[in-house]
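One structure, as structure tokens, below. Some questions next.
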Amino acid sequence: MKAYLAILSSRFRMLLQYRAAAVAGTITQIFWGWIRVMIFEAFYRSSDVVQPMSFEDVVTYVWLGQALLAMIPWNTDPEIRSMVRTRTVAYELLKPVDLYNLWYSRTIATRTAPTMLRSVPIFILGLAYFGMESPESTASAVAFGLAVIGAVMLSVALSTLLNISLMWTLSGQGITRITAAAVILFSGLTIPIPLFPDWAQTILRLLPFAGIADTPFRLYVGHIPPHEVIWVLAHQLIWTIILVVWGRLLLNRGLRVMVVQGG
Amino acid sequence: MPQVTVENLRKTFKIAERDPGMWGAVKGLAVRRYRTVHALDGIDFTLEPGELVGYIGPNGAGKSTTVKVLAGILVPTSGKVDILGRVPWKDRIEHVRGIGVVFGQRTQLWWDLPVIESFDLLKDIYNVPSDAHRATRDRLIDLLSLKEFLDTPVRQLSLGQRMRCDLAASLLHSPAMLFLDEPTIGLDAISKLAVRDFIKEMNRRNGVTVILTTHDMDDIEALCDRIMVIGSGKILSDGTLEDLRAKVKRERRLVVHLAHDGMDIEDPDAEVVKREGNQVQLRFDPEVISAPNLISRIASKYPVRDLFVENPPIEEVIAKLYREME
């Protein structure tokens, strides 16, 4: 356990040093958030129908998405990519640690450190100037906090699975693009899930992606009452377990091929 | 009792091949042709605690394959390996905890971390108690003179500095055995000497068993009591340096830079191997004529600008040995 914590914290500290990337990311995300809010404003103004989510909630939902964008499993780890490409993954096995846990730990850092750097300024600016609201209640805030932890675990499990898939696809371009598109659309980052047609919502609620963004965000705005956090966490946990087991099986198969054929 | 026992170790690779050109590529889609390569073709040896063994052979002979199997990161096709009572690839995590490995071609430190942080991270990964870690670390830093670049990220180190750090990293958890795969590759003379001295020190003082693969004959001469030569997946020779010399006729090379182009050198005891511009390479047997004698004879007869003596490349020695064994 100590080994994995050490790997996590060292990678975390390393990633905190990328200040220029954080500034650029923050500016980009504020810009996009602003555009998205304007689109939703146009949409809400042009329709008289009562929407399943209030405009104020949608604005907050959009800003949460912008603030936590770096947490989304949309890309693969460049270091693992180059290890696979240069056939040096086997050297990872020289350390007395479980490879899945090693990769999972480093991915926690990859998903959280940049998010920390970007989310703080976006939260502050969003709350102060861009119409973002504070959590519905203290209970909502607590529920949101728990769900974000669940979202990180889930997002990291999916990212780790993507990283492992590199052992088959080498470049990872195709799988990354497909996954990124799926994650961004199905997690509610493009359009909040409550605004999808009912039939689509039924499917999207079952898929893992909602647990990465939609459910935590709706807990924040109070669209899901705080006491229902237990279901959100259960959904996240079940998918995390499925993805971890899947990732482990895939990694073992990949390693078996590699340690048998050399690499 | 031996620390390492290797019996009839075999490793076979299947390599996919295709004919060149467009037609070959199209044909490859339908029919895959495989070639079987016997990287290890029945290797046997044992190592006693505290031995320092040189493991040499030409590229593709199976050196790295052997090291990878012993390190637990490659599963052999058949055969037995027992290291400190464990089968490396079956009990990998416990096995690698007790060994140190350095691959000269590739660092195992964290590219973006300062050296000292890499060391701290290794302490946690190997779960070394703080006191023991501090003592070992400080001693290694001292022995390898790492002090001045401890705060430098690994990617900014020179190759020689990096290799010294890699050596230290491989020993932080005080392993009983050390596998070194070409640790002096690409190093300058001073770094090579530092690395050699250090390996010797670790072996003599701390009793660490060392397996060293290299292409550098000087590494072997400076360090190894025992030399195993591998060729085409088989052990061709296993014994002391003298045993090896006795198997292959001793030979040296004299490279002469002449003052003018197109001149020729003739000498009764030396044979011209190569001629390139004003540079002539001669082959001679130091038991027939000593290097100083040959040099003074040539220097007195020809307008020499520069000259130096070198050992024939290890590949040639091995190739010669291999031809002789056939």
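The values are calculated or read from the model by the stated rules, or taken from the named source; none is laboratory data. Model, not experiment: these values are computed from the prediction. Ideal geometry is used to build each Cβ from the backbone, glycine not excepted, and the neighbour counts take in all protein chains shown. To get the accessible areas, we keep the full protein, side chains included, count just its heavy atoms, and leave off ligands, DNA and RNA. Shrake-Rupley method; radii C 1.70, N 1.55, O 1.52, S 1.80 Å.
For the stretch A:133-263, list log₁₀ I(q)/I(0) at each q in 0.18, 0.19 Å⁻¹, using the Debye formula over Cα point scatterers of equal strength and ignoring solvent, two decimals each.
-0.96, -1.04
While we're looking at this one, here's another question. Could you list, bin by bin from short to long, the percent of Cα-Cα pairs of the protein assembly as shown in 10 Å steps?
Distribution as computed: 3, 14, 20, 19, 16, 13, 8, 4, 3, 1, 0 percent.
Along each of the three principal axes of the Cα atoms of the stretch A:63-166, give the extent in whole Å, ordering the values from largest to smallest.
That works out to 50, 24, 19 Å along the principal axes.
Relative to the first principal axis of the alpha-carbon coordinates of chain B, what is the inclination of helix B:130-143, with its axis defined by its Cα atoms, in degrees from 0 to 90 and to the nearest 10?
Tilt relative to chain B: about 10 degrees.
Could you tell me the accessible area of A:T26 in Å² (1.4 Å probe, neighbours in place), rounded to the nearest ten?
Answer for A:T26: close to 10 Å² accessible.
Can you give the % of DSSP beta bridges in the protein assembly as shown that are antiparallel, to the nearest 5?
Bridges in the protein assembly as shown that DSSP calls antiparallel: roughly 70 percent.
For A:M38, tell me the accessible area in Å² from a 1.4 Å probe, rounded to the nearest 10.
100 Å²
Taking 2.2 N^0.38 Å as the expected size of a compact globular protein, what ratio does the Cα radius of gyration of chain B give against it, to two decimals?
1.17
If Lys and Arg each add +1 and Asp and Glu each add -1, what is the summed charge of the other residues whose beta carbon sits under 12 Å from the beta carbon of A:L251?
With Lys, Arg at +1 and Asp, Glu at -1, the net is +1.
Still on this model: When averaged across all projection directions, what area in nm² does the alpha-carbon convex hull of the stretch B:36-122 cover? Mind showing how you got there, number by number?
Numbers: hull surface 30.3 nm².
So the mean shadow area of the Cα hull is 7.6 nm².
Next question. Rank-order B:203-215, B:5-17 by packing density, defined as the average count of other C-beta atoms within 10 Å over each peptide's residues, highest first.
Listed from highest to lowest mean packing, they are B:203-215, B:5-17.
Next up: Quick one: what Rg and Dmax do you get for the stretch B:90-154 from the alpha carbons, in Å?
Radius of gyration, then largest Cα-Cα span, for the stretch B:90-154: 12.7, 41 Å.
Still on this structure, please answer the following. Heavy atoms only, probe 1.4 Å: what % of the accessible area of the stretch A:104-179 goes to carbon and sulfur, would you let me know?
Its accessible area is 71 percent carbon and sulfur atoms.
Tell me the mean residue ellipticity at 222 nm calculated for chain B from its helices only (DSSP H runs of n ≥ 4, each -39500 (n - 2.57), averaged over every residue, nearest 500).
Rounded to the nearest 500, the figure is -11000 deg cm²/dmol.
Another one. Viscosity 0.890 mPa s, temperature 25 °C: what is the translational diffusion coefficient of the stretch A:197-263 from Stokes-Einstein with a Kirkwood Rh over Cα pairs, rounded to a whole number of µm²/s?
The diffusion coefficient I find is 174 µm²/s.
Tell me the total accessible area that A and B bury against each other, 1.4 angstrom probe, in square angstrom rounded to 100. Mind showing how you got there, number by number?
Working: alone 13400 and 16630 Å², together 27720 Å².
By this definition, chains A and B bury close to 2300 Å².
Nearest 500 deg cm²/dmol is fine: what mean residue ellipticity at 222 nm does chain A get from its DSSP H runs of n ≥ 4 alone, each adding -39,500 (n - 2.57), divided by its residue count?
Taken over chain A, the calculation gives -24500 deg cm²/dmol.
Towards the positive end of the charge dipole of the protein assembly as shown, with charges on Cβ (+1 Lys, Arg; -1 Asp, Glu), say which of B:V115, A:L16, B:I56 has the farthest Cα.
With unit charges placed on the Cβ atoms, the residue in question is A:L16.
What is the Å³ per residue value for the convex hull set by the Cα atoms of the stretch B:156-289?
Measuring per residue, one finds 173 Å³ for the Cα hull of the stretch B:156-289.
By Kyte-Doolittle mean hydropathy of at least -1.0 and Cα axial length of at least 27 Å, which whole DSSP H helices of chain A are selected?
On the way: long enough: A:19-45 (39 Å, 0.74); A:99-129 (45 Å, 0.55); A:138-169 (46 Å, 1.73); A:229-261 (47 Å, 1.40).
Sorted by number, the helices that extend far enough and score high enough are A:19-45, A:99-129, A:138-169, A:229-261.
Working only with C-alpha atoms, what are the Rg and Dmax values of the stretch A:2-257, expressed in angstrom?
18.8, 64
What base-10 log of the normalised intensity I(q)/I(0) is obtained for the stretch B:1-153 from the Debye formula, alpha carbons as equal point scatterers, at q = 0.10, 0.19, 0.20, 0.21 Å⁻¹?
So the normalised log intensities are -0.56, -1.21, -1.26, -1.32.
From other protein chains only, count the Cβ atoms within 10 Å of every residue's Cβ in B:10-19, then give the mean. It would help to have the intermediate numbers written out before the result.
Numbers: counts 0, 2, 0, 3, 2, 1, 0, 0, 0, 0.
Average neighbour count from other chains, rounded to a whole number: 1.
With respect to the cross-link table entries B:K11/B:K90; B:K68/B:K147; B:K274/B:K320, which display a Cα-Cα separation exceeding 26 Å?
B:K68/B:K147
Give the peptides A:56-67, A:185-196, B:148-159, A:116-127 in descending order of average Cβ contacts within 10 Å, highest first. Each step should come with its number before you reach the end.
Values: A:56-67: 23.6, A:185-196: 19.9, B:148-159: 14.6, A:116-127: 18.0.
Those peptides, ordered most packed to least, come out A:56-67, A:185-196, A:116-127, B:148-159.
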